[in-house]
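**Student:** Quick one: structure below, then a few questions.
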Amino acid sequence: MNPPERRADEAGPPEVDEAATREAFFEAFGGVRGMVETTVPGLVFVLSYTINRSINVSAVAALSLSAVLLVARLARRDTAKHAFGGIFGVGFGALFAMMSGDAKNFYLPGMLYTLGLGVAYVVTSLAGVPLLGVVLGPVFKENLSWRTRNPGRKAAYTKASYVWGAILLGKSAITFPIYFWGDATQLGWLRVALGIPPFLLAVYLTWIILVKAPAPIDVIAEWEERERAKEAAKKRAKEAAEEAGQKAARGAAAAEAGPPDGEKDRLGSRTSD
């Protein structure tokens, strides 16, 4: 059994796995700040709309806050992908609401995204390529190695993807009836209430599942090791070639110089005899 297989079959120390899992979640899902950036603009919209009943004012307020959060990210030179995602989502929601004249449509893009993502988690799990593994694989530096080399980890990603799918589809089952038969303020406050808690639940359950799974195979480290081995082999081959060349040169020089003087005298005396 080679070393990568041992790493896949033997789980590492719990402290290491736990730290790696937490780091992966924060990088992949944006952490606390990412949750704030995706939740607060919706809170501002529903709060403003509850007070003044103006779609335009509420949409502009939410969009302005998203822009401020994005600028703050850029100013701190932090990863801005979640802030960009937030501002695009708020922008589409604001556009839908203002064009339709219905405040509920502010939440429609996010609701459709949640529904589509929930379906994607379930479908990819059924297809044997769980979406969570695709998302977290590069973060753990294992890429897609879990598909063929780490079956225990693939099973964990599949189980965790089903968890995410169930939670997101559950959110959709709650929010879409309110969208069709409730009013904008009910939908807005419900979306705020169903923002962070289900996300935290999904992250917690995923963490529980993954820390019990086999450790990830660091394919980046394996690739670097192979590259170092190749460079070492090339260096050895070059040194061997240089040494062989030097030996050949010394042999040619010796042949060109002829035998030593003592050997010449012995050869001369034998000729005289």
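**Student:** Can you give the local net charge around Gln246? Use residues other than it whose beta-carbon is closer than 14 angstrom to its beta-carbon, Lys and Arg +1, Asp and Glu -1. Could you put the intermediate results ahead of the total?
**Tutor:** On the way: positive: Lys238, Lys247, Arg250; negative: Glu239, Glu242, Glu243.
Cβ neighbours under 14 Å give a net charge of 0.
**Student:** I'd like the accessible area for Arg147, computed on protein heavy atoms only with a 1.4 Å probe and all protein chains in place. Round to 10 Å², please.
**Tutor:** 110
**Student:** For the range 174-251, just say rounded, prolate or oblate: build the C-alpha gyration tensor, square-root its eigenvalues into a ≥ b ≥ c, call rounded for a/c under 1.5, and beyond that prolate if a/b exceeds b/c, oblate if not. Mind dumping the intermediate values first?
**Tutor:** Values: a/c = 9.25, a/b = 4.45, b/c = 2.08.
In terms of gyration-tensor shape, prolate.
**Student:** Moving to a separate point now. Sort Glu227, Glu242, Glu256, Glu142 by heavy-atom solvent-accessible area, probe 1.4 angstrom, most to least. Let's see the in-between values first.
**Tutor:** Details: Glu227 60, Glu242 95, Glu256 160, Glu142 0 Å².
Listed by decreasing accessible area, they come as Glu256, Glu242, Glu227, Glu142.
**Student:** Which value, in Å² and to the nearest 10, is the accessible area of Thr114 when all protein chains are kept and the probe is 1.4 Å?
**Tutor:** Per-residue accessible area (Thr114): approximately 20 Å².
**Student:** I want to check the label-to-label distance for Thr148 and Ile220. Put each point 7 Å from Cα in the C-beta direction and report it in nm to one decimal.
**Tutor:** Using points 7 Å along Cα→Cβ, the separation is 2.2 nm.
**Student:** Report the net charge of residues surrounding Phe96, where surrounding means a beta-carbon distance below 10 angstrom and charges are Lys +1, Arg +1, Asp -1, Glu -1.
**Tutor:** Numbers: positive: Lys104; negative: Asp102.
Charge balance in the 10 Å sphere: 0.
**Student:** Here's a follow-up. If ligands, DNA and RNA are left out, what is the accessible area of Leu210 with a 1.4 Å probe, given in Å² to the nearest 10?
**Tutor:** Roughly 0 Å² of Leu210 is accessible to a 1.4 Å probe.
**Student:** What accessible area per residue, rounded to a whole number of Å², is obtained for the range 29-174 using a probe radius of 1.4 Å?
**Tutor:** Values: 6870 Å² over 146 residues.
Roughly 47 Å² per residue, with all protein chains present.
**Student:** Tell me which of Gly93, Val123, Ala72 sits at the most positive position along the dipole axis of the range 52-127, charges placed on C-beta atoms (Lys, Arg +1; Asp, Glu -1).
**Tutor:** About the Cα centre, the residue reaching furthest to the positive side is Ala72.
**Student:** Can you sort Leu43, Leu168 by 1.4 Å-probe accessible area, starting with the largest? If you can, show how the numbers build up before the last one.
**Tutor:** On the way: Leu43 60, Leu168 20 Å².
Largest to smallest exposure gives the sequence Leu43, Leu168.
**Student:** Next question. Tell me the net charge near Val46. Cut-off is 13 Å between Cβ atoms, Val46 excluded, with +1 for each Lys or Arg and -1 for each Asp or Glu. It would help to have the intermediate numbers written out before the result.
**Tutor:** Details: positive: Arg53, Lys104, Arg191; negative: Asp183.
Net charge around Val46: +2.
**Student:** Magnitude of the Cβ-charge dipole of the range 112-261, K/R +1 and D/E -1, about the Cα centre, nearest 20 debye? Write out the running numbers ahead of the final one.
**Tutor:** Working: 18 positive and 13 negative charges, 111 e Å.
Rounded to the nearest 20 debye, it is 540 debye.
The values are calculated or read from the model by the stated rules, or taken from the named source; none is laboratory data. Bear in mind the structure is a predicted one, so any value in this text is a computation, not a measurement. Reconstructed Cβ throughout: ideal geometry from the backbone, glycine too, with neighbour counts over all protein chains shown. With ligands, DNA and RNA removed, areas are computed over all heavy atoms of the protein, side chains included. Shrake-Rupley method; radii C 1.70, N 1.55, O 1.52, S 1.80 Å.
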